[in-house]
1. Could you state, as a whole-number percent, how many of the C-alpha pairs of segment 227-334 are farther apart than 19 Å?
2. Give, as ranges by residue number, the residues of segment 156-183 whose backbone N falls under 14 Å from the point 7 Å along Cα→Cβ of Tyr6.
3. What angle, in degrees between 0 and 90 and rounded to the nearest 10, separates the Cα long axis of helix 321-333 from the longest principal axis of the Cα atoms of the chain?
4. In percent, how large is the relative contact order of segment 176-306, given Cα pairs closer than 8 Å and 6 or more residues apart?
5. With axes computed from alpha carbons, what is the tilt in degrees of helix 53-64 against the longest principal axis of the chain, rounded to the nearest 10 within 0 to 90?
6. Using the Karplus equation 6.51 cos²θ - 1.76 cosθ + 1.60 (θ = phi - 60°), what ³J(HN,Hα) coupling, rounded to whole Hz, does each residue of segment 260-277 give in order, writing x for Gly and Pro?
7. Once amide H atoms are built 1.01 Å from N in the peptide plane, which residues 5 or more positions from Thr189, or in another chain, come under 5 Å H to H?
8. Based on Cβ point charges of +1 for Lys and Arg and -1 for Asp and Glu, what charge dipole magnitude is obtained for the chain about its Cα centre, in debye rounded to the nearest 20?
Amino acid sequence: MKILRYILFPFVPIYYIVTWLRNVFFDKGLLKSKSYDFPVICVGNLSVGGTGKTPMIEYLIRLLKDEKRIATLSRGYKRSSKGFYLADANANASELGDEPFQFYRKFHTEIQVAVDADRQNGIANLMQQKEAPELVLLDDAFQHRKVKAGFNILLSTYQDLYTDDWVLPTGNLREPRAGAKRANIIVVTKCPLDLSASEKARIIKKINPKPYQDVFFSFIQYGNEVVSEENKMAMDSLEEFTLVTGIANASPLVHHLKSKNLQFEHLNFSDHYDYTVGDIELFKEKSLIITTEKDYVRLLQYPDLKGKVYYLPIVIELDNPAVFNKKVIDFVAT
């Protein structure tokens, strides 16, 4: 794969020019963006792959759910349904998408969860609901410029900063680095817990934020228990198990489990992987499977795995949560 990316390097200038021109057309008003008279917050990234958007959306839900009626709006990547879909009691990961279904399982009594590849159409449908949301959280919509969010939160991982990357197809950037100027807040995610002040300063200097931008650093906090629908088990009670991951980058999770001196084999699949019949047959042979919450909601549909699959919950913590929270709450309030 890496060799192919190097071979495709001559196409980088073409991709760069096309995406750069698209942004120029939106910036100049030649392509139209729709603004709204209620708060719309976008959480996204410049790069493909996992930067921690789902935990950030969950952080915002917890922060704001007592302030406003909230709806999340995602594309619903790899879902079987089409068009606008509003989650209800019959929703599942297949129809809704794994990450939106994760939101629904946790917060369905407090928020609305919708999917639509056309974000304008999705917002229009949400506003037609009997109890229309007062705040919309856009999941992974930084490049969806037909909707002009009032507040943009851009995520970039500590190990793979957008400032060090190239555009596709050789790099991982969906658009040139200059697109970061649209962000109100930039969050460097998945940082080591012992990140020093000097390292933060070095990264901020590299990012070179605009005067209106703030840079924050976030850290993954793993739970002390693995969880299923029926049971919980303390991490330190686990003996040998199988780790199953279908996410963009499983390295932080693997590193965490190894730091606990846990014994496991790792079955690593691609992001948003659709598990096959053969995969499920293999999993049935395992005595205990630990996975991510995103993978867990996809595996819920297989009754034969009931009782042997658990997930390890995570939350994010910010280096300066009071300032971050105030900026978000102030935007919502105004």
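The values are calculated or read from the model by the stated rules, or taken from the named source; none is laboratory data. Keep in mind that this is a model prediction, so the values were computed, not measured. Glycine gets a Cβ as well: all are built from the backbone with ideal geometry, and neighbour counts include every protein chain shown. With ligands, DNA and RNA removed, areas are computed over all heavy atoms of the protein, side chains included. Shrake-Rupley method; radii C 1.70, N 1.55, O 1.52, S 1.80 Å.
1. Values: 2919 of 5778 pairs.
Counting every Cα pair in segment 227-334, those more than 19 Å apart make up 51 percent.
2. Under cut-off, by backbone N: 170-171.
3. Between the helix axis and the principal axis of the chain, the angle is about 60 degrees.
4. Numbers: 125 pairs, mean separation 27.9, N = 131.
Across segment 176-306, relative contact order equals 21 percent.
5. 80
6. 8, 6, 8, 9, 7, 9, 10, 9, 9, 10, 6, 4, 6, 5, 8, 5, 8, 4
7. Those qualifying (amide H under 5 Å, at least 5 residues apart or on another chain) are Ser156, Thr157, Tyr158, Ser218.
8. Numbers: 43 positive and 41 negative charges, 312 e Å.
The dipole magnitude comes to about 1500 debye.
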